[in-house]
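Each reported figure results from applying straightforward, stated rules to the coordinates on display, with no laboratory input. In this text, all values refer to a predicted model and were calculated from it rather than measured experimentally. Here the Cβ positions follow ideal geometry from the backbone for every residue, glycine too, while neighbour counts run over all protein chains shown.
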Amino acid sequence: MARLILVRHARTAETGIKLSGRIKGIPLSPAGRKEAAALADALSAVQIAGIASSPMQRCLETVEAIRSTRGTSISARPSVEIEERITEVDYGKWTGKELKVLAKDPLWSTVQRQPSAMQFPDGESLRAAATRATEAIREWDARFKDDDVWL
């Protein structure tokens, strides 16, 4: 079985403040660019066979920071393929709202205490999000050789 390194995108200006979800066009913050560079350095000795990424800008910028440390030749850099099934949760009506406001919503306790039971208003359930991501990861993992490492 190949080895998978799960990478969360680096910090954005909204991290910890708003529930960004699938809002397009959210770049990494200056602190996030430093985090992504530090991650790239930490992974610099790891041979990466391929990368599956969410289509979100913040994810692609994080991945590009990792790829940019892999030399100048195209063949030295692992390929990146967009995988829609590992995108953010569809938070529905909660998308773009401040976390401090959402924390007052009665549903917030469900998110904190039993996330698998959470269905976001006009969005998806966390269970559905986990299922689609797990299916994608299993399919991707089957593409790699036993000694490969992929992100």
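Distant-in-sequence amide contacts of Thr12, defined by a placed amide H-H separation under 5 Å and a gap of 5 or more residues or a different chain, comprise Ser29.
Each of Gly25, Ile51, Thr62 was scored by the projection of its Cα onto the charge dipole of the range 9-80, and the greatest displacement toward the positive side belongs to Gly25; charges sit on the C-beta of Lys, Arg, Asp and Glu.
Taking the Cα centre of the range 1-141 as origin and charging only Cβ (+1 Lys, Arg; -1 Asp, Glu), how large is the dipole, in debye to the nearest 20? Numbers along the way, then the final one.
Numbers: 21 positive and 17 negative charges, 75 e Å.
Dipole magnitude for the range 1-141 comes out near 360 debye.
If you average the sequence gap of Cα pairs under 8 Å that are 6 or more apart and divide by the length of the chain, what percent do you get for the contact order? The partial results should precede the final answer.
Working: 235 pairs, mean separation 51.7, N = 151.
Relative contact order, the chain: 34 percent.
As a test of the formula, what do you get for the chain when each DSSP H run with n ≥ 4 contributes -39,500 (n - 2.57) and the sum is divided by the residue count, at 222 nm and rounded to the nearest 500 deg cm²/dmol? Each step should come with its number before you reach the end.
Values: 5 runs with 50 residues, N = 151.
The per-residue figure over the chain is -9500 deg cm²/dmol.
The spacing between the range 1-54 and the range 72-151, judged by their C-alpha centroids, is 13 Å. In nanometres, what is the gap between the two model label sites at Thr134 and Asp41, each 7 Å from Cα along Cα-to-Cβ? Here the answer is 3.7 nm between the modelled labels.
Once both labels are positioned 7 Å from their Cα atoms along Cα-to-Cβ, the gap between Arg22 and Lys104 label points is 2.8 nm. Label zone of Ser29 (point 7 Å out along Cα→Cβ, amide N under 11 Å): in the range 2-17 this covers 11-17.
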